[in-house]
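Trainee: Have a look at this one before I ask anything.
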Amino acid sequence: MAPEREYDGRRCHVHFEPAKTAVKYDIWVSPYSDGRGAVQLGAGWTRPGELLTGLSPNIDLYLFVVALDKTNKSSRPGKAFKINLQDMFPMK
């Protein structure tokens, strides 16, 4: 989902189904659907819908959600979610 303002293709809100045992979430971003080269851009989120920043516009990227339980044990990454954000911010 695009942010409400300053839509420059470098940030977006990330919504996902919360896991029952999770207390926080990490968001990883990769240029590949299999997760190669993924970097963690979201750390310690307590709920879905937070704003993810640091993205690149006009290219395919894949988001992966990792849930962490109360002992900080991480789940396997969720299914890749493909995005391709466009730079549509006219005030440059």
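All of the numbers you see were taken from the coordinates with simple rules; none came from a lab. All figures in this text were calculated on a predicted structure; none of them were measured in a lab. Neighbour counts run over all protein chains shown; Cβ positions are idealised from the backbone, glycine included.
Trainee: Suppose R0 equals 25 Å; then what is the FRET efficiency for residue 34 and residue 75 from their Cβ-Cβ distance, rounded to the nearest 0.05? List each step's numbers first, then the result.
Mentor: Numbers: r = 17 Å, r/R0 = 0.70.
Efficiency for this residue pair is about 0.90.
Trainee: Counting other Cβ atoms within 10 Å of each Cβ, which chymotrypsin sites (Phe, Trp or Tyr not before Pro) in the range 1-52 have at most 14 and sit in a DSSP loop?
Mentor: 32
Trainee: Could you tell me which label, among [x] 5.9; [y] 8.1; [z] 7.1, carries the value of mean projected area of the Cα convex hull in nm² calculated for this structure?
Mentor: [x]
Trainee: Right, something else. Dipole size in debye (nearest 20) for the chain around its Cα centre, Lys and Arg Cβ +1, Asp and Glu Cβ -1?
Mentor: In debye, rounded to 20, the chain gives about 300.
Trainee: Just to confirm the filter: which GluC sites (Glu not before Pro) across the range 1-77 are DSSP coil and have at most 15 other Cβ within 10 angstrom of their Cβ?
Mentor: Here the sparse-neighbourhood loop sites are 4, 6.
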